Amino acid sequence: QVQLVESGGGLVQTGGSLRLSCAASGRTFSTYALGWFRQAPGKEREFVAAIRWRDANSFVKRSVQGRFTVSGDKAKNLVELQMNSLKPEDTAVYYCAAATRFGSVVLSNSYEYWGQGTQVTVSS
């Protein structure tokens, strides 16, 4: 089992910044990747960013590249999502997820463990 706890969400104005953190605990030695997904009301959950520990590669959704960056510390079992120049369309619940098996890091069904989510609201 892997437990994930997100923090850092909140309310911010358009153009503002937030930094989300996700701390993993439990059987973290088996973690293949840590990712961030988001789900806005009435929409499907979508990939935002991920770090694949095997080769330390990071992945960011194309539409947020240049505004969002993902970073992580495998030794600390920590992954962070820095979000700059936030827009109202970034409003969503952001989830941290952990994958322990090889798979595509951009697909939600690659991840077995999920955090409880943290709300990000960007006001216009």
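The values are calculated or read from the model by the stated rules, or taken from the named source; none is laboratory data. The shown structure was predicted, so the numbers you read here are calculated from the model rather than taken from an experiment. Note that each Cβ is placed from the backbone with ideal geometry, even for glycine, and that neighbours are counted across all protein chains shown. Side chains are part of the model used for accessible areas, which takes the heavy atoms of the whole protein and leaves out ligands, DNA and RNA. Shrake-Rupley method; radii C 1.70, N 1.55, O 1.52, S 1.80 Å.
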Residue by residue through region 94-117, note down the ones that are buried (at least 21 other Cβ atoms within 10 Å of the Cβ) and assigned to a strand (DSSP E or B). Y94, Y95, C96, A97, A98, A99
Among what's in region 14-48 and is in a strand (DSSP E or B) and among the hydroxyl-bearing types (S, T, Y), pick the residue that is farthest from N84 (Cα to Cα). S25
Are any of the residues in region 4-13 exposed (fewer than 13 other Cβ atoms within 10 Å of the Cβ), outside any strand (DSSP E or B) and not aliphatic (A, V, I, L, M)? no
Here is a list: R62, R27, R52. Which entry is farther than 19 Å from S124 by Cα, of a type in the set (K, R), open to solvent by 60 Å² or more (accessible area, probe 1.4 Å) and touching a residue at least 24 places away in the same chain (Cβ under 8 Å)? R27
Within region 77-93, take every residue that is modelled with pLDDT of 95 or more and part of a loop (DSSP other than H, G, I, E, B) and give me the one that is surrounded by the most Cβ atoms within 10 Å (Cβ to Cβ). L86
Can you give me the number of residues within region 30-49 that are among the aromatic types (F, W, Y) and free of Cβ contacts under 8 Å to residues at least 60 places away in the same chain? 0
